[in-house]
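The block underneath contains the structure these notes are about, expressed in structure tokens.
The values are calculated or read from the model by the stated rules, or taken from the named source; none is laboratory data. Note that the coordinates shown come from a computational prediction; the quantities given were computed from them, not determined experimentally. Don't worry about glycine lacking a Cβ; one is built from the backbone with ideal geometry, like all the others, and counts go over all protein chains shown. Ligands, DNA and RNA are stripped out before the accessible areas are found, and what is left, the full protein with its side chains, is counted by its heavy atoms. Shrake-Rupley method; radii C 1.70, N 1.55, O 1.52, S 1.80 Å.
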Amino acid sequence: MKADELREKCLEFFRSKKHKVVASDSLVPKDDPTVLFTPAGMNQFKKQFLGLITDFTRAASSQRCLRTDDLEKVGKTDCHHTFFEMLGNFSFGDYFKKEAIAWAWEFLTRDLAIPAEKLWVSVYQDDDEAFAIWKDEVKFPAEKIVKLGDHDNFWPADAKEKGPNGPCGPCSEIFFDLGPSVGCGKKDCTPACGCGRFIEIWNLVFTQFNRKEGGTLEPLPQKNIDTGMGLERITAVMQGVRSNFETDLFQPIIKEIKSHAKHHDVKDTPILYAIADHLRAVVFSIFDGVLPSNEARGYVIRKLIRKSVLHLRDLGVKEPFLYRLVPVLTEVMRKPYPELVKERETIANVILAEEKNFVSTLDSSPNLFKVKFKEFKDTPDPDKVGEITFQLHDTYGIPAGLTMSFLDSEGIEINKNVFENELSKQKERSKSGSAMQGDVFSVKELHLKGVPQTVFVGYDKLESEANVLTVIKDNKETHEARAGDEVTVVLDQTPFYAEQGGQVGDIGVIAACNGVFEVKDAQKSGKVIVHIGRVKEGVIKKSDACRAQVDRERRLAIMRNHTATHLLQAALRKVLGSHVQQQGSFVADDRLRFDFTHFKGLTRQELDRIEEVVNGFVIENLPVSKKEMSLEEARKEGALAFFAEKYEDTVRVVSVEGVSKEFCGGTHLDATGSIGLFKIVSESSIASGVRRIEAFTGTGAYKAMKQEEEVLAGVAEALKTPQDKIVAELGKRLKQVKDLEKKMSGQKLSTVAASIDSLLKGAVDIKGVKVVCHTIPDADMDVLRKAADLLKQKEARIAVALGSAVLDRVNLIVGTNVKEIDAGALIKAIAPEIGGSGGGRKDFAQAGGTRAEGLEPAFDKFKEVIVQTLK
């Protein structure tokens with residue numbers, strides 16, 4: 001049975017049991033600070049478990065998940081993964097143990113036709129109820145029901161003793177028996193043995209307690225079911241293979257890697273498996289909006305790409321290759337994730353850019369090593385060397401083995417224990433980042449339990465009559481709030497738009513009979529809109545009749561900016577190409593920001609053209625329509641979706657006639673002409689393959705243009721020339737300056753050339769090499785370079801460091817004709833002294849900085865490094 005068929009079969013089974021089949025949530029959990037990535041199927045249902053959302057009580061899903069706590073085991077075992085899919089069924093105060101156990105048994109033995117004799121189960125040691133259901137209801141042999149303790153059969157593991165606080169409960173696991181030929185071989189082997197004979201395929205969690213501080217367990221008024229069955233594991237069982245990596249989920253990827261590997265044999269199998277696993281994690285993370293970086297989620301993805309590149313090098317693949325596997329993976333996952341196919345080019349380009357950067361780092365590592373470890377040849381410090389080795393591994397991704405080979409060749413001693421200790425700490429940080437933080441469920445929203453969903457009327461009007469449903473102060477419901485109190489107010493209906501989809505929340509006032517509440521922000525909790533602010537005067541009470549009024553001018557400014565972002569995306573796709581995809585946005589009253597995929601900086605001409613296209617749409621005064629439709633219908637109509645967002649079954653589509661059609665729940669104008677004017681104010685890179693444009697509309701754009709006019713007027717006045725002739729006048733004056741600089745440079749070079757012999761007389765001899773260090777006042781880089789060439793012509797073995805300070809700029813060059821000396825490495829070593837950086841060839845390198853007082857220390861360091869090099 002193929003994995004696609006198995007996934008669909010499971011979801012359809014639970015659909016037949018009156019479960020709502022819910023699409024997988026993003027790998028980036030929304031409004032959930034307890035986890036870095038989505039680690040389980042239950043995470044997207046936290047509000048349902050808490051009773052905050054009650055529109056369905058049964059659910060089933062196939063959730064994409066990512067965990068890094070077992071990263072080092074991936075590829076080395078049959079079933080450890082970073083990315084995996086978790087099949088699951090859930091009950092929110094509906095059915096409980098009896099049904100959960102019966103349906104799991106029915107699906108496995110009837111629908112999948114797994115022989116009952118191949119299955120074992122475990123229950124929590126104190127859960128007599130679950131034991132009885134298995135034994136008496138299912139008629140499962142008692143001798144094949146294993147009782148396990150807090151660590152193995154209670155969720156979260158060891159929660160009774162160690163926490164976290166919150167909902168928890170016993171669980172029952174179902175195991176597949178691989179047979180006595182696998183594992184320890186003992187006749188009395190059971191799932192309690194960790195020998196590998198028994199594979200856990202399904203975990204049924206019975207959430208029936210609430211853990212409180214001190215380990216006290218209280219029965220929950222609403223008992224829940226949370227089950228999880230790893231798709232990869234059950235697929236391996238159904239396809240009759242030992243390893244998950246031998247299934248159709250992985251084999252096409254592994255075969256593609258093998259076809260390009262320069263060499264591979266049985267010992268390389270773990271490497272092949274790890275690459276295939278990491279590819280899945282990387283691709284789906286990028287699909288969900290996580291881009292490689294040095295922070296949090298982005299660091300995890302960067303690390304997985306780097307590990308994959310190193311594994312590929314072990315297989316003889318030296319050039320970027322991981323990105324070429326993206327189409328293979330998207331084809332494997334085409335049926336459950338058709339949107340992934342559309343994004344494969346973008347995802348592949350992000351991976352390629354990251355691969356190129358890392359390959360470049362690896363190729364330049366010898367020079368980096370020389371700079372990082374140069375001081376330890378004369379002054380050994382094994383502990384510090386161990387720390388730096390870890391930093392190179394952690395920051396640059398350089399494998400420790402490569403660093404240690406260099407250290408060995410240079411005779412530099414390292415304390416390997418220091419490196420290993422730092423590595424252990426990093427692994428613990430990684431595990432804790434992957435693990436759940438704090439309580440199982442955040443309780444900050446429990447005060448909203450039972451509050452009905454808010455009716456939003458703000459698409460059509462900015463004022464409405466309403467009733468106060470609740471007033472919340474310090475996370476507790478209160479009957480009233482008085483002047484000066486900072487509180488949250490919930491209404492039965494509201495015109496206030498709550499922050500979401502990149503659009504900021506509205507502000508305004510809520511006026512009741514005896515008080516006025518100033519709304520400083522509007523946020524959404526589930527389907528409830530909360531108004532955050534302070535009581536400006538009088539008293540606001542629960543059940544008050546009131547009038548809610550949004551700040552009109554601010555909302556209109558926000559609408560201008562939001563509609564403009566849609567026009568901007570259309571213009572970007574028109575000018576740059578259809579590969580442009582939204583990566584994020586921010587829409588406020590004073591500006592808009594739009595992040596998008598593109599793999600190089602935009603030229604001035606491209607930015608001008610984009611601005612021109614958007615303003616063309618504005619001038620046409622095109623109608624903007626908003627329509628609710630089914631998700632399927634919207635996709636058929638070709639509406640653009642922000643792929644990191646999860647959508648409901650019914651969506652709102654905003655269309656600009658003939659220009660754009662997007663999924664969007666935000667507030668928009670009725671016609672593009674109301675934008676008035678669109679002005680781009682900046683364009684930059686925010687991540688590999690992702691650009692950001694910031695822009696103004698309306699009065700903000702007008703003010704920006706007026707500021708530019710004032711600057712131009714000031715320049716024209718200073719140059720004493722009309723504005724339309726500024727460019728020509730500047731060109732003429734710049735030419736005059738360059739001519740003067742050229743003349744002065746020639747004079748300076750003549751002066752320097754005449755003093756070459758005296759410079760050589762001041763040289764220091766180090767191991768037969770003439771070393772010249774000198775400051776040449778007011779010399780530009782060209783003069784320094786030519787002076788170095790003249791000195792190199794005079795001596796067979798010479799190393800030169802020349803510097804100068806010109807206004808607030810410090811120039812520094814290094815030149816040599818000695819094979820043992822690397823000018824590029826030298827400049828990197830000494831440039832920090834002048835507050836700068838540099839690079840170059842082996843025979844010549846240059847740097848720029850800002851600290852003229854650092855030239856002498858730079859020269860001293862220059863000599864020190866040469867002494868070390870020539871030892």
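Assorted remarks:
- The amide H of ASP492, built 1.01 Å from its N in the peptide plane, has ASN467, LEU469 as neighbours under 5 Å, considering only residues 5 or more places off or on other chains.
- Cleavage-rule hits, chymotrypsin sites (Phe, Trp or Tyr not before Pro), segment 456-564, DSSP coil, Cβ neighbours within 10 Å at most 15: TYR459
- Dipole magnitude of segment 305-368 about its Cα centre (Cβ charges: Lys, Arg +1; Asp, Glu -1), debye to nearest 20: 140 debye
- For segment 782-871, the set of chymotrypsin sites (Phe, Trp or Tyr not before Pro) satisfying both a DSSP loop assignment and a count of at most 12 other C-beta atoms within 10 Å is empty.
- log₁₀ of I(q)/I(0) at q = 0.12, 0.27 Å⁻¹ - segment 141-210, Debye sum with one point per alpha carbon: -0.38, -1.18
- Between segment 812-829 and segment 586-646, the Cα center-to-center distance that results, in Å: 50 Å
- Eligible lysines near LYS377 by straight Cα distance, threshold 16 Å, same-chain separation 8 or greater: LYS861, LYS863, LYS871
- Rounded to the nearest 20 debye, the dipole magnitude of the chain is 1900 debye, with +1 charges on Lys and Arg beta carbons, -1 on Asp and Glu beta carbons, and the Cα centre as origin.
- Solvent-accessible surface (1.4 Å probe) assigned to LEU368 amounts to roughly 40 Å².
- Cross-linked pairs LYS307/LYS374; LYS118/LYS144; LYS738/LYS842: Cα-Cα separations exceed 22 Å for LYS307/LYS374; LYS738/LYS842.
- For segment 39-52, the Karplus equation 6.51 cos²θ - 1.76 cosθ + 1.60, evaluated at θ = phi - 60°, returns couplings of x, 7, x, 6, 4, 6, 9, 4, 5, 5, 4, 7, x, 7 Hz by residue, with Gly and Pro reported as x.
- Calculated from backbone phi, Karplus (6.51, -1.76, 1.60) coupling profile of segment 546-554 in Hz, x at Gly/Pro: 8, 10, 9, 9, 7, 4, 5, 5, 5
- Taking each DSSP H run with n ≥ 4 as -39500 (n - 2.57) and averaging over every residue of the chain yields -11500 deg cm²/dmol at 222 nm.
- Accessible surface of SER578 - all protein chains present, 1.4 Å probe, nearest 10 Å²: 90 Å²
- Cα gyration tensor, segment 89-227 - rounded (a/c under 1.5), prolate or oblate: oblate
- Computed Kirkwood radius, in angstrom, where 1/r is averaged over Cα pairs of segment 503-558: 11.9 Å
- Which of LYS861, LYS627 is most accessible, then next, and so on - probe 1.4 Å: LYS627, LYS861
- Peptides 651-657, 262-268 ranked from most to least packed give 651-657, 262-268, packing being the mean of other C-beta atoms within 10 angstrom over each peptide's residues.
- Two-decimal ratio, segment 479-589, of alpha-carbon radius of gyration to 2.2 N^0.38 Å: 1.33
- Accessible-area order (highest first, 1.4 angstrom probe) of the listed residues ASP860, ASP70: ASP860, ASP70
- For segment 133-273, the solvent-accessible area of protein heavy atoms averages 45 Å² per residue (probe radius 1.4 Å; ligands and nucleic acids excluded).
- About its Cα centre, segment 530-651 has a charge dipole of approximately 360 debye under the convention of +1 per Lys or Arg Cβ and -1 per Asp or Glu Cβ, with nothing else charged.
- Over 31 Å (Cα to Cα) - which of LYS30/LYS162; LYS47/LYS73; LYS98/LYS449; LYS356/LYS679; LYS2/LYS646 fall in this group: LYS47/LYS73; LYS356/LYS679
- Among the lysines of segment 530-637, pairs at least eight places apart or on separate chains and with Cα atoms under 27 Å apart come to 6.
- Using a Förster distance of 41 Å, the FRET efficiency for LEU423-GLU856 (Cβ separation, nearest 0.05): 0.55
- When restricted to Cα atoms, segment 278-318 yields an Rg and a Dmax of 10.7, 31 Å, respectively.
- In this structure GLU375 has an accessible area near 100 Å², from a 1.4 Å probe over the protein heavy atoms.
- Applying both filters, DSSP loop and at most 10 other Cβ atoms within 10 Å, to the trypsin sites (Lys or Arg not before Pro) of segment 159-245 gives LYS187.
- With the charge dipole of the chain set up from +1 on Lys and Arg Cβ and -1 on Asp and Glu Cβ about the Cα centre, the Cα lying farthest toward the positive end among the listed residues GLN549, HIS531, HIS774 is that of HIS774.
- The accessible-area ordering, largest first, of the residues TYR702, TYR323 stands as TYR702, TYR323, per a 1.4 angstrom probe.
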